[in-house]
Amino acid sequence: MWSCKWWKLWLWSKIKVKYEKRLINMVKTTLSIKGMHCASCSVNIEKALNKKKGIKSANVNFATEKGVIEFDPKLVTEENIIEVPTSMGYIADVMTEKSNDKVDKLKDKEIGTLKIKLIIGILLATPALILSMFFMTSPIPYQDYILWALATPVQFYIGSQFYRGAWGALKNKTSDMDTLVALGTSAAYFYSVYAVLFIPDGHQYFEASAVLITLVILGKYLESIAKGKTSEAIKKLMGLSPKTATVIRNNKEIKIPIDNVKVNDIILVKPGEKIPVDGVIVDGHSSVDESMVTGESIPVEKKKGDSVIGATINKTGSFKFKATKVGKNTTLSRIIKLIEDAQGSKAPIQRFADVISSYFVPVVIAISIISFLLWYFAFGAEFSFALIVAVSILVIACPCALGLATPTAIMVGTGKGAQNGILIKGGEALETAHKLTHIILDKTGTITKGDPEVTEIIPLTKLPEKSILELAASIEKNSEHPLAEAIVKKAKSMKLKDVKGFNAIPGHGVTAKIGAKRYYFGNQKLMNDYKITFPKDKMLSLESEGKTVMVLAEDKKVLGLVAVADTIKDTSTEAIKKLQDLDIKVYMITGDNERTANAIAKQVGITNVFAEVLPEDKAKYVKKLQKEGKVAMVGDGINDAPALAQADIGIAMGSGTDVAMETGDVVLMRDDLLDVPKAIKLSRLTMSKIRQNMFWALFYNSLGIPIAAGVLYPFTGWLLSPMIAGGAMAMSSVSVVTNSLLLKAKRL
């Protein structure tokens, strides 16, 4: 129960060791990868990277167009890593702090290029379609040659990206969406050239290849715009940071670029201005709107000694603050990094889509060839009929929608969480959170405010209350436990005594010497340890009211009792009710004795309580519940670090403290328990979108391929046109991204 600096340092060192062991000799880098056209592209790049010596793991995300690579710098360099996607025909570069502007410019350029290609495609494909549809029976002079002239620029200028992609895939002995489009349109185009030259009365399909490429480009254009909207949350966060700061140097106020601000600079902030970096107020007071970072709508009062977060808005007064974190170390920069990592990560369900995508394209090519052979040789269909079937299969089967199903939903979900002050560290955490069956809540600082106050001082000898408080505060002044702080705060006007031989016993209390006498101050366990008799009835009475009672003893003689109460947060009861409504079993864990713990639990509606638990034992209780289902641990990220690490999902509350950001799978920027059910609801909504996307993507391909193969033709006489197949393929990708974007409108 009691703690001091060495105890927190010990806990933090344990957590650090866990991560450091995993990362020995390994370095992470993030690549921007341009030119991917479907999920197969990302899977192929990922496979090639994972084969390279020195790379421990590679994770390539089609939706974000990024690759996260963990590698051993002794065996491979970043330049060697970039060579892998570059050799496959993609444009790759290492992401740096200032890369985002460059990436955005490239993205805008890509969208601009697609737009130009789309306009040219429409201008050429539309007349080709009109000529083929309305002048089929009474063609105009040289119609076939006009169609040839219209289709050729579309095939080889607008469609050049598909040929480049297909060639890159072929060089690496793989195939992707580019392979399907290049094969399908080339078959239609070159057959048409042959028909014009050698079959005078034969039918050509120039309009089919031209319209098909234009429709695929339309799909890519709409998809690029929609994908850009999925990352709006990060762009908004990046736009929050002010560009300049007013720094006081040599007693003069000077405006400097934010990049030039240094740690320990004194910065002046006037009403209405944004706070440039993180820091601590040294003069003045104000109220600060922190909603942009924490999601908290009510401005927070700030005074001397309070911390401020960069990019938040000063509302009323002026103040000066000392910069403590600048550049990439600020809270905002770290939040952006967390979200970028999360959006670039893969949920376990994505592996299913990746496996399907890796086999999908070769299987589709095989189905296309078999269908052509069956119709032409087995069923005696015309060559042109069999060709249409083969082309339609190649085009309608592109696995783009399948590749976008998961990452777009994760991007929107993590972005929505960030806007609500909920930082979800990755796709795996997002997926696991929706499976939770049990949740353990730490009491102090989670259910309660963590700011206890002394409520009673009960003398058990002739020693007055003032003397008992003075002795207790003198002993506890070296402890950092919240209960100790409450006692020292109560005695702030007193002159405290010097102590020697201070010893904190976690979960029990403290001992110290004042003068020649040894004092003991702690709970029932401490008294039992030293065989000190104390009045249990009075202690039980106070504990039944939810108060924590400590006994002060001088050697074997009990001097008095000190009762401390920690008030429950305003939203705790409502949050716990919402968790229970989500069919999650709620547990409270605390170092308090059973009576005090049960009294607090009863007030907030919790029936399952783990009491008298030492900090290092919390992880054991998490492990015990994991035998029954998926378990989340909610704590402040400091004393609860081992339990957070043990849980299936660690939810760290602590207004974005360093330790919370390191240890939690989910970080709540506000100390509001209501954000816990919100995080779980967000996970469930996101997973629901992923399932919807996966279903429709698989359903679309499962239904589309047989229809394109002509299974309905013998019964209905209906055959899928390559143009309709191309339009359907393009719209399937857009519909998946649009469905993910609908997540933005959901209420948490």
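The values are calculated or read from the model by the stated rules, or taken from the named source; none is laboratory data. Since this is a predicted model, take the numbers as computed values, not measurements. All Cβ positions, even for glycine, are placed from backbone atoms using ideal geometry, and neighbour counts span all protein chains on display. To get the accessible areas, we keep the full protein, side chains included, count just its heavy atoms, and leave off ligands, DNA and RNA. Shrake-Rupley method; radii C 1.70, N 1.55, O 1.52, S 1.80 Å.
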Per residue, what accessible area does the chain have, given a 1.4 Å probe and all protein chains present, in Å²?
44
Need one number: nm distance between label points at Asp306 and Ser87, each 7 Å from Cα along Cα→Cβ, rounded to one decimal.
5.8
Using a Förster distance of 60 angstrom, determine the FRET efficiency expected from the C-beta separation of Trp718 and Ser287, and round it to 0.05.
0.30
Taking 0.36 nm per intervening residue step and subtracting the Cα-Cα distance, what contour gain separates Lys620 from Asp529 on full extension?
30.4 nm
Sorted from largest down, what three extents in whole angstroms do the Cα atoms of segment 434-556 have along their principal axes?
59, 30, 25
Sequence-distant residues sharing a close amide H with Ala709 (under 5 Å, placed H)
none
Roughly how tilted is helix 400-419, in degrees to the nearest 10 and between 0 and 90, from the longest Cα axis of the chain?
30
Would you mind checking which residues have amide H under 5 Å from Glu456's amide H? H placed 1.01 Å from N; only 5 or more apart, or other chain.
Ala563
Around Ile122, under 15 Å between beta carbons, what's the net of Lys plus Arg minus Asp minus Glu among the other residues?
+2
At a 1.4 Å probe, what is the % contribution of carbon and sulfur to the accessible area of the chain?
58
Could you give the length gained by full extension between Leu540 and Leu240, i.e. 0.36 nm per residue of separation minus their alpha carbon distance, to one decimal place?
102.7 nm
Give me the dipole magnitude in Debye, nearest 20, for segment 254-340 about the Cα centre, with unit charges on the beta carbon: positive for Lys and Arg, negative for Asp and Glu.
260
For Cα pairs less than 8 Å apart in space and 6+ apart in sequence, what is the mean separation divided by the residue count of the chain, i.e. the relative contact order in percent?
15
Dipole-positive endmost among Pro706, Val676, Met653 within segment 616-748 (Cβ charges, Cα centre):
Pro706
Report the one residue of Thr437, Val364, Thr408 whose Cα lies farthest in the direction of the positive end of the charge dipole of segment 350-438 (charges on C-beta: Lys and Arg +1, Asp and Glu -1; origin at the Cα centre).
Thr437
If you count only protein heavy atoms and use a 1.4 Å probe, how large is the accessible surface of Tyr530, to the nearest 10 Å²?
70
Rounded to whole Hz, the Karplus (6.51, -1.76, 1.60) HN-Hα couplings of segment 585-591, x for glycine and proline:
6, 9, 10, 10, 10, 7, x
Charge dipole of the chain about the Cα centre (unit charges at C-beta), most positive-ward option of Pro506, Thr179, Phe319:
Pro506
I'd like the trypsin sites (Lys or Arg not before Pro) in segment 387-478 restricted to DSSP loop residues with at most 11 other Cβ atoms within 10 Å, sorted by number.
Lys462
Once you list every other residue whose beta carbon is under 14 Å from the beta carbon of Val734, what net charge do they have if Lys and Arg are +1 and Asp and Glu are -1?
+2
Which order do peptides 724-736, 319-331 fall in by mean Cβ count within 10 Å, highest first?
724-736, 319-331
MRE, 222 nm, helices only [DSSP H, n ≥ 4, -39500 (n - 2.57), over the chain, to nearest 500]
-16000 deg cm²/dmol
For the chain, what proportion of DSSP beta bridges, expressed in % and rounded to the nearest 5, is antiparallel?
80
Would you mind getting me the FRET efficiency between Val193 and Gln580? Use the beta-carbon distance for r and R0 = 41 Å, nearest 0.05.
0.05
Report the charge-dipole magnitude of segment 589-748 in Debye, nearest 20, computed about the Cα centre from +1 at each Lys and Arg Cβ and -1 at each Asp and Glu Cβ.
840
Volume per residue (Å³) of the convex hull spanned by the alpha carbons of the chain is 193
Longer than 26 Å from Cα to Cα, which of Lys47/Lys425; Lys107/Lys274; Lys462/Lys569; Lys66/Lys425; Lys51/Lys630 are they? Say none if no pair is.
Lys107/Lys274; Lys462/Lys569; Lys51/Lys630
Here the relative contact order (percent) of segment 23-97, from C-alpha pairs under 8 Å and at least 6 apart, is 42
Quickly rank 698-707, 683-692, 196-205, 571-580 as a protection proxy: mean count of other C-beta atoms within 10 Å, highest first.
683-692, 571-580, 698-707, 196-205
Tell me the label-point distance for the pair Asn329, Lys252, using the 7 Å Cα-to-Cβ offset, in nm and rounded to one decimal.
2.8
Can you tell me how much longer the chain between Glu480 and Lys109 gets when fully stretched, taken as 0.36 nm per residue apart minus their C-alpha distance, in nm with one decimal?
128.0 nm
Here the net charge surrounding Val666, from other residues whose Cβ is less than 10 Å away from its Cβ (Lys, Arg +1; Asp, Glu -1), is -1
The chain - charge dipole about Cα centre, Lys and Arg +1 at Cβ, Asp and Glu -1, debye rounded to 20
2100
Other-chain or far-sequence residues with amide H under 5 Å of Asn608's (modelled H)
Met588
Whole-Hz couplings from phi, Karplus 6.51/-1.76/1.60, listed for segment 714-721; x for Gly and Pro
x, 9, 10, x, 9, 10, 6, 6
Quick one: 3J(HN,Hα) in Hz for segment 206-212, Karplus 6.51/-1.76/1.60 with θ = phi - 60°, rounded, Gly and Pro as x.
4, 5, 5, 5, 5, 5, 4
Given Cα pairs under 8 Å that are at least 6 residues apart, what percent is the relative contact order of segment 361-424?
29
